[in-house]
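Worksheet: one structure, shown below.
Each reported figure results from applying straightforward, stated rules to the coordinates on display, with no laboratory input. Everything numeric here is computed off the predicted structure, so don't read it as measured data. Cβ placement follows ideal geometry from the backbone for every residue including glycine, while neighbour counts extend to all protein chains displayed.
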Amino acid sequence: MKPKFWKLSQGTAEFGVNQIIESIDQRLVYVHKDTKAKATSNKSQAQQFIDAKIGDYFYLTHGNAGIYELGQFTGPANIFSSRCEGWLDRPFRFISASISKEKYMGQKKWWAPSDNSTFTPVPDNELALFEKEILTPFFSIDLSKFGVKIS
C-alpha cells in the first residue's frame with residue numbers, strides 16, 4: 001500500500017509560534033471548517049482534512065515561516081475541537097521534527113509551504129519531487145522509509 005502525504009499549514013494569521021508548539025505537544029493539528037477548496041476542486045480543504053485516512057502522513061508548516069514536523073494521523077477529525085467553534089482537529093503520531101529552520105525556497109506547488117493552501121495532497125506523480133524538496137532537506141528522510149521506491 002502506497003502511503004499518502006499531505007501538506008498541512010497552520011497559518012501565521014491564526015497561529016502564533018507558541019500555538020504551533022502547543023499543537024505539536026498536544027498531538028493535535030487543526031483546520032478551520034470553512035477552509036475552501038483549491039481552484040476547481042469539488043472538495044474543500046476542510047472536507048479533505050476530514051476524509052484523509054488514519055495512517056496518512058502530513059508535514060506541518062506555519063505558512064512559509066517554517067516547517068515544523070512530520071506526523072501521521074492516528075484518529076478521525078473531531079468537529080468539537082477544544083480550539084474553539086469552527087475548528088476541526090485530528091490526533092497524530094509524531095514522526096520527526098524538522099532539522100532545518102530555513103524557509104522553503106523550492107518549486108511552487110500546491111503542496112509546498114510557499115503556496116497559499118491549508119490541506120493539500122502530494123500527488124503520487126510528484127513524490128520524487130516531494131522527497132527532494134521536503135523530506136530530505138527538512139527531515140533527512142527518504143521515501144524508502146515508507147516503503148516507496150522511486151524509479
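Rounded to the nearest 10 degrees, the inclination of helix 17-26 to the longest alpha-carbon principal axis of the chain is 90 degrees. Computed 3J(HN,Hα) for the range 85-94, one whole-Hz value per residue from the Karplus formula 6.51 cos²θ - 1.76 cosθ + 1.60 where θ = phi - 60°, is 4, x, 9, 10, 10, 9, x, 8, 9, 6, glycine and proline marked x.
Helical content alone sets the calculated 222 nm signal of the chain at -4000 deg cm²/dmol, taking -39,500 (n - 2.57) per DSSP H segment of four or more residues and averaging over every residue.
Only one item in (1) 45, 32, 28; (2) 70, 33, 29; (3) 36, 35, 29 matches Cα extents along the principal axes in Å derived from the coordinates shown, and that item is (1). When Ile79, Ile24, Ile67 are sorted by how many other C-beta atoms sit within 10 angstrom of their C-beta, beginning with the fewest, the order is Ile79, Ile24, Ile67. In this simple spin-label approximation, Lys4 and Ser96 carry label points 7 Å from Cα along the Cα→Cβ vector, and these lie 2.2 nm apart. A cut-off under 15 angstrom between Cβ atoms defines the neighbours of Val17, and their net charge, with Lys, Arg +1 and Asp, Glu -1, is -2.
Treating r as the C-beta distance of Lys103 and Ile79 and R0 as 41 Å, the FRET efficiency rounds to 0.80.
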